Amino acid sequence: MPTTPLRKDEGRIAALRHAPRTRLLPVWRGTVLVTTDAPGIATLRHDVELPAALGTDGGDAIFLGLVHDVAHFAVPVGALGDDDRATLATRATTLEGDPLAATFEDLRLVGPTLPANEGALLAYARGLVYWQDNTRFCERCGHPLASANGGHVRRCANPDGEHVTFPRTDPAVIMRVVHDAQDGTPARCLLGRSAAWPTGVFSTLAGFVEPGESLEQAVSREVFEESGIETTDVRYVASQPWPFPRSIMLGFEAVATTTAITVDPTELADARWFTRDELRTFGNWGDERFALQLPRPDSIARLLIDRWIAAG
C-alpha cells in the first residue's frame, strides 16, 4: 500500500495514473467490474482500458497503492447513467486491446468467489469511492471540496480558512450471544433476522457504536434494545471491514444472563435461541433447499457462529 509521502507527490501520482502497467478498478454506484467465466466464479478486472468518450479518463481516480510495483487506481464512474454504464462494461478492453465480457456486480455477491487479496482491494476501492462521492462540500462552511493526496483527502476551497476532510469509518459491533447450559437445558445461541432478509435467514445481532460509549457497552445496549436480553462477559473476537457503505464490523462474544426474548419490531422481525445441533442443520444464505439459513461463509457473523458450533 502507498506511503503518505507518495500520496502527496502530485507529479508522481499523475505519472503513475498514466503509466502503461497501471491498473484501473472502475466503481459504479457501489458495484465493481468483474467477469464471470464460470458459474459462481468471478474474476476481478483491473487490466482495463476505459473508453474516454464516456468521460471515464480517471480525472478523480483514487490511488490505492502499489501491488508488486504496479500502481492501482479506483475510478469513480457513478455519474454515468444506466445505458452508459452498460456501454462501459461492454466496451472496456484489456490493456492489450482484447474485449472484456464484463459486468458491474455487487461486491457482497461476488466477493466470496474472489481471492482474498482481490476482494480486499475491491473493498478498499469501493469504500474510498463512496466516501469521495458523498463528501463534496465542506462540513464547516459549505464550500466545494477538491481531491488531494491521491484521492485520500478532500480539501476545502474556502480562501478564508482551509479545512481538510479524511475518509471515515463507522464502527459497528456484531455479537454472538450464548446462554450456557444449566438445569438440563443445552447451551443456546441467540440469533435474529431482519425484515429485509430472505425468509429463513438468521444471524448474530449487530448495531452501530454511539458517541460516548465503549465497544463493550455498545454490545450490551444493542442486544438489550433489539431482543430484551441482558448480557455480561463481553469479549472481543475479531473484526471485518464492511464498506457497505463505510463500516468496520467489530466481532464480540457475550454471555446472556436472561433468556426471555422481547423483540423490538423496529429492529428485528424475529429472534430465537438455537442449540448447536439445530444450527448444524442450517444451510447457507441463498441455498433454498434449507428452510433456515446462516450468513454467508465469508462473513464475520458466520465466523462467530461457527466458532461456537465447533467448540461444542
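Odds and ends about this structure:
- Checking each residue in segment 292-312 for being in a loop (DSSP other than H, G, I, E, B) and touching a residue at least 24 places away in the same chain (Cβ under 8 Å) picks out 292, 295, 296, 297, 298, 299, 312.
- Matching residues, segment 23-46, being modelled with pLDDT under 65 and either assigned to a strand (DSSP E or B) or under 13 Å from residue 128 (Cα atoms) (or both): 37, 38, 41, 42, 43, 44
- Residue check, residue 241 assigned to a loop (DSSP other than H, G, I, E, B) and either under 30 Å from residue 122 (Cα atoms) or modelled with pLDDT under 95 (or both): no
- If only residues of segment 234-273 that are free of Cβ contacts under 8 Å to residues at least 24 places away in the same chain and more than 15 Å from residue 304 (Cβ to Cβ) are counted, the one that is nearest to the chain's Cα centre (by Cα) is 266.
- Qualifying residue in segment 174-192 (condition: assigned to a strand (DSSP E or B), loosely packed, with under 13 Cβ neighbours inside 10 Å and touching a Lys or Arg at 6+ places or on another chain (Cβ under 7 Å)): no
- Residue match in segment 144-154 (condition: farther than 21 Å from residue 249 by Cα, in a loop (DSSP other than H, G, I, E, B) and among the aliphatic types (A, V, I, L, M)): no
- Any chance residue 235 is assigned by TED's automatic domain parsing to the domain that holds residue 266 and in contact with a His (Cβ under 7 Å, 6 or more places away or on another chain): no
- Among the conditions (1) closer than 17 Å to residue 60 by Cβ; (2) surrounded by 19 or more Cβ atoms within 10 Å (Cβ to Cβ), residue 122 misses just one, which is (1).
- Residue ID - nearest to residue 17 (Cα to Cα), chosen from residues in segment 137-173 that are among the basic types (Lys, Arg) and surrounded by 14 or more Cβ atoms within 10 Å (Cβ to Cβ): 154
For every residue, the table says whether it meets (1) closer than 20 Å to residue 35 by Cβ; (2) within 14 Å of the chain's Cα centre (by Cα); (3) assigned by TED's automatic domain parsing to the domain that holds residue 18.
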residue	(1), (2), (3)
86	yes, no, yes
91	yes, no, yes
102	yes, no, yes
123	yes, yes, yes
139	no, no, no
146	no, no, no
159	no, no, no
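- Taken residue by residue, segment 281-291 has no member that is in a helix (DSSP H, G or I) and either modelled with pLDDT under 95 or loosely packed, with under 15 Cβ neighbours inside 10 Å (or both).
- Matching residues, segment 193-233, being part of a helix (DSSP H, G or I), hydroxyl-bearing (Ser, Thr, Tyr) and under 24 Å from the mean Cα position of the chain (by Cα): 220
- Applying a threshold of 6 Å to beta carbon distances and a minimum spacing of six or more residues, or different chains, the list of pairs starting in segment 6-29 at a residue that is on the phi > 0 side of the Ramachandran plot and touching a residue at least 40 places away in the same chain (Cβ under 8 Å) and ending at one that is surrounded by 15 or more Cβ atoms within 10 Å (Cβ to Cβ) and not in a strand (DSSP E or B) reads 29/78.
The values are calculated or read from the model by the stated rules, or taken from the named source; none is laboratory data. None of these values were measured; they are calculated from a predicted model. Ideal geometry is used to build each Cβ from the backbone, glycine not excepted, and the neighbour counts take in all protein chains shown.
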